[in-house]
Amino acid sequence: MVDYFYQGGGFMWPILGALLFGLGFAGERFYSLLMSGMDTQQFFDDIQSMINKNGVDDALKLCESTQGPVSAIFHAGLSRMHRGIEEVEKAVQNAGGLEMAFLEKNMIWLNAVITIAPMLGFTGTVVGMIRAFDSIKAANDISPAVVAGGISEALLTTAFGLIVAMIIQVLQNVFVSRIDKLVLDMEEQSVKIVDHLYELETKN
């Protein structure tokens, strides 16, 4: 593999840089999305129980000590409970938008790598073919030995560019699936907490 890398020529280095760049952001997204996960149903049950028994203050403390987008949304809504249910709904919606943006943070850089890596590979292909034809011109011969180096370089850069794009694409698909699940949990739990607070307000 190392021999193939060096045979690919100078364009292999920016392709490798694109891979490392993409893996760096993939690692950041993996850690961030992993930390955002939680048992949202159990969390809602705990918040509901605290609100019913001790009021909003204890529930707010639990939200502050819990990581994740759902806890941030609950905290935004509960902290405005004294302003009425309409303000709670607005706060939950605004917090949901912010948390969604946080979950999708840096995904654009993965898209950039997926786009740029094959382009670098294709550019290396063009350069390799130019060198192959230059070799033919210089040697005034079209034997395989004359053009093999340029064609090999051309094919290797294309292959490595596509491989890098495929690796990052798989990781991006995994992250998108995870984000979709988290967003669905956020929306479901947001509706439930607003409904519960509305029921409490109507009782009072």
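Give the residue that is farthest from LYS192 (Cα to Cα), with candidates limited to residues of segment 26-45 that are surrounded by 11 or more Cβ atoms within 10 Å (Cβ to Cβ) and among the hydrophobic types (A, V, I, L, M, F, W, C).
ALA26
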> So which residues in segment 11-45 are charged (D, E, K, R) and at pLDDT 85 or above, if there are any at all?
Replying inline: GLU28, ARG29, ASP45
>> Where the second residue is of a type in the set (Ser, Thr, Tyr) and the first is touching a residue at least 60 places away in the same chain (Cβ under 8 Å) and lies in segment 76-91, which pairs have Cβ atoms under 8 Å and are six or more apart or on separate chains?
In response: GLY77/SER190; ILE85/TYR198
> On the given criteria, is PHE175 modelled with pLDDT of 90 or more and of a type outside the set (A, V, I, L, M)?
Replying inline: yes
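Where residues in segment 53-84 are in a helix (DSSP H, G or I) and among the small types (Gly, Ala, Ser), which of them is farthest from GLU187 (Cα to Cα)? Even if it seems obvious, please write down each step before you answer.
Start the filter on segment 53-84 by keeping residues that are in a helix (DSSP H, G or I), which leaves 53-54, 56-64, 69-78, 81-83.
Applying the additional criterion that residues be among the small types (Gly, Ala, Ser) yields 59, 71-72, 76-77.
Working: ALA59: 19, SER71: 12, ALA72: 13, ALA76: 14, GLY77: 13 Å.
By that ranking, first place goes to ALA59.
Residues in segment 88-103: is at least one closer than 16 Å to LEU182 by Cβ, β-branched (Val, Ile, Thr), out of contact with any Pro (no Cβ under 8 Å at 6 or more places or on another chain) and at pLDDT below 90? Walk me through how you get there before you give the answer.
Filtering segment 88-103 down to residues closer than 16 Å to LEU182 by Cβ leaves 92, 95-103.
Imposing the further condition that a residue be β-branched (Val, Ile, Thr) reduces the set to 92.
Within this subset, residues satisfying the condition of being out of contact with any Pro (no Cβ under 8 Å at 6 or more places or on another chain) are 92.
Remaining after also requiring at pLDDT below 90: 92.
Within segment 88-103, one or more residues are closer than 16 Å to LEU182 by Cβ, β-branched (Val, Ile, Thr), out of contact with any Pro (no Cβ under 8 Å at 6 or more places or on another chain) and at pLDDT below 90.
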> What single numbered condition from (1) under 29 Å from ALA18 (Cα atoms); (2) modelled with pLDDT of 85 or more; (3) basic (Lys, Arg) fails to hold for ARG131?
Replying inline: (2)
> Within the set of pairs 6+ apart or on separate chains, which have a first residue in segment 165-191 that is closer than 29 Å to ASN94 by Cβ and hydrophobic (A, V, I, L, M, F, W, C), a second that is modelled with pLDDT of 95 or more and in a helix (DSSP H, G or I), and C-beta atoms under 6 Å apart?
Replying inline: none
> Scanning for something farther than 30 Å from GLY128 by Cβ and part of a helix (DSSP H, G or I), does segment 2-25 turn up at least one residue?
Replying inline: no
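The values are calculated or read from the model by the stated rules, or taken from the named source; none is laboratory data. The shown structure was predicted, so the numbers you read here are calculated from the model rather than taken from an experiment. Reconstructed Cβ throughout: ideal geometry from the backbone, glycine too, with neighbour counts over all protein chains shown.
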